[in-house]
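Participant: Okay, here's the structure, questions in a sec.
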Amino acid sequence: MNFNNILTEYYGGITTITINRPNKLNALNQDTINELHHAFKEADLDEDTKVIIVTGSGEKAFVAGADISEFADYSVEEGEYLSANGQKVLFNFVENLSTPVIAAVNGFALGGGLELAMACHFRVASDNAKMGLPEVSLGVIPGYGGTQRLAQLVGKGRAMELIMTAGMIDANKALQFGLVNHVTTQNELLAFCEKIATKISQNSSVAIAAAIRAVNANFQDGVDGFNMEIKEFGKCFGTEDFAEGTSAFLEKRKADFPGR
Ligand code: COA
């Protein structure tokens with residue numbers, strides 16, 4: 001598929017997806033959301049891609065939110081569809097990918113931008129990043145999973161305050177809150193994420209996919225995470241990666257995982 005609003009690049013087991021609407025601070029319009037769905041899907045299906053990094057183009061923004069100009073005159077039904085469809089095709093989709101996704105938050109991550117970063121498996125921010133869910137300042141609430149994931153990541157009280165005030169926190173506060181795992185300079189951000197990605201890519205992709213399912217199970221209604229862990233743990237014993245990982249350890253050599 002040809003993309004107009006995003007760029008994708010593959011190198012050394014890592015696919016980097018860059019949201020590329022710098023003049024609109026990479027705001028997520030519907031076309032961008034659809035393109036992101038396809039780019040994430042392609043990267044997830046690509047056997048050579050072990051880790052996906054998502055970032056924003058330019059020095060100012062990761063993503064400054066959903067594109068406000070697109071939904072300003074929506075009806076109740078259209079608003080509900082916007083949220084439901086976005087959650088399905090992008091935010092829940094990314095969270096449940098088998099391939100690890102790192103958000104490289106290189107500037108403003110507001111509204112849908114922070115929601116996208118929170119749907120990723122973890123986040124690294126540059127020191128100029130500013131994060132928030134300012135939707136109530138527009139008379140609406142976060143609709144791409146923000147009310148749920150922010151509370152999961154930083155706790156209910158902090159999420160309530162950030163959402164109610166429509167405020168922004170800087171990278172160091174986000175680090176203190178556990179919203180991001182690391183803070184780097186803007187120059188070092190992608191290289192830092194690539195270093196973590198390379199470390200991840202040396203491990204069993206089959207086991208990592210199972211770990212993602214098991215960790216996510218804790219946040220799904222009606223799913224027993226401990227039970228999911230037992231099932232996923234058991235399934236690992238039937239994989240070629242497990243045979244290779246254990247043999248390599250016993251033979252005192254580095255594992256070369258087939259990814260099956
Ligand atoms: N939707 C649509 N367009 C957006 C946007 C969004 N969420 N965020 C920024 N833009 C556009 C601006 O309209 C402007 O376009 P223009 O040059 O054609 O007028 C361009 O991006 C640059 O933004 P600007 O506001 O001039 O930059 P700034 O440095 O003065 O302010 C922000 C930066 C992030 C503080 C400001 O853009 C902002 O508040 N954006 C909206 C954030 C928001 O509410 N997001 C949640 C949406 S639900």
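Each value in this text was obtained by applying a stated rule to the coordinates, not by laboratory testing. None of the values given here were measured: they were computed from a predicted structure. Cβ: placed from backbone, ideal geometry, glycine included. Neighbour counts: every protein chain shown.
Participant: For the range 79-113, name all the residues that are part of a helix (DSSP H, G or I) and in contact with a Leu (Cβ under 6 Å, 6 or more places away or on another chain).
Facilitator: Answer for the range 79-113, where residues must be part of a helix (DSSP H, G or I) and in contact with a Leu (Cβ under 6 Å, 6 or more places away or on another chain): 90, 112.
Participant: Do we have residue 135 as within 10 Å of the ligand (Cβ to nearest atom), charged (D, E, K, R), within 15 Å of the chain's Cα centre (by Cα) and in a helix (DSSP H, G or I) here? First the steps, then the outcome.
Facilitator: On the way: within 10 Å of the ligand (Cβ to nearest atom): yes; charged (D, E, K, R): yes; within 15 Å of the chain's Cα centre (by Cα): no; in a helix (DSSP H, G or I): yes.
Against the criterion (within 10 Å of the ligand (Cβ to nearest atom), charged (D, E, K, R), within 15 Å of the chain's Cα centre (by Cα) and in a helix (DSSP H, G or I)), residue 135 does not qualify.
Participant: Restricting attention to the range 94-117, which residues are more than 11 Å from the ligand (Cβ to nearest atom) and in contact with a helix residue (DSSP H, G or I) (Cβ under 6 Å, 6 or more places away or on another chain)?
Facilitator: Of everything in the range 94-117, those that are more than 11 Å from the ligand (Cβ to nearest atom) and in contact with a helix residue (DSSP H, G or I) (Cβ under 6 Å, 6 or more places away or on another chain) turn out to be 94, 95, 97, 98, 99, 100, 101, 102, 103, 104, 105, 106.
Participant: When you check residue 24 against the structure, is it over 28 Å from residue 199 (Cβ atoms) and exposed (fewer than 13 other Cβ atoms within 10 Å of the Cβ), yes or no? It would help to see each step written out before you state the result.
Facilitator: Working: over 28 Å from residue 199 (Cβ atoms): yes; exposed (fewer than 13 other Cβ atoms within 10 Å of the Cβ): no.
So residue 24 fails the test.
Participant: Taking residue 191, is it under 30 Å from residue 255 (Cβ atoms) and surrounded by fewer than 20 Cβ atoms within 10 Å (Cβ to Cβ)? If you could, list the steps in order and put the result at the bottom.
Facilitator: Values: under 30 Å from residue 255 (Cβ atoms): yes; surrounded by fewer than 20 Cβ atoms within 10 Å (Cβ to Cβ): yes.
Considered against the rule, which asks whether it is under 30 Å from residue 255 (Cβ atoms) and surrounded by fewer than 20 Cβ atoms within 10 Å (Cβ to Cβ), residue 191 comes out as yes.
Participant: Kindly indicate which of 55, 49 is surrounded by 22 or more Cβ atoms within 10 Å (Cβ to Cβ) and of a type in the set (S, T, N, Q).
Facilitator: 55
Participant: Checking residue 242 against (1) of a type in the set (A, V, I, L, M, F, W, C); (2) in a loop (DSSP other than H, G, I, E, B); (3) without any contact (Cβ under 8 Å) to a residue 60 or more places away in the chain, which single condition isn't satisfied?
Facilitator: The number of the failed condition is (2).
Participant: Just checking, which of 104, 84 is touching a Cys at 6+ places or on another chain (Cβ under 7 Å) and among the aliphatic types (A, V, I, L, M)?
Facilitator: The conditions single out 104.
Participant: Scan the range 214-239 for residues that are without any contact (Cβ under 8 Å) to a residue 24 or more places away in the chain and either touching an Asp or Glu at 6+ places or on another chain (Cβ under 6 Å) or part of a helix (DSSP H, G or I) (or both) and report the count.
Facilitator: Final tally of qualifying residues: 13.
Participant: Let me ask something additional. If you go through the range 28-56 one residue at a time, how many are within 16 Å of the ligand (Cβ to nearest atom) and under 16 Å from the mean Cα position of the chain (by Cα)?
Facilitator: The total comes to 5.
Participant: Give the residue that is surrounded by the fewest Cβ atoms within 10 Å (Cβ to Cβ), with candidates limited to residues of the range 213-257 that are under 22 Å from residue 199 (Cβ atoms) and of a type in the set (A, V, I, L, M, F, W, C).
Facilitator: In this case the residue turns out to be 249.
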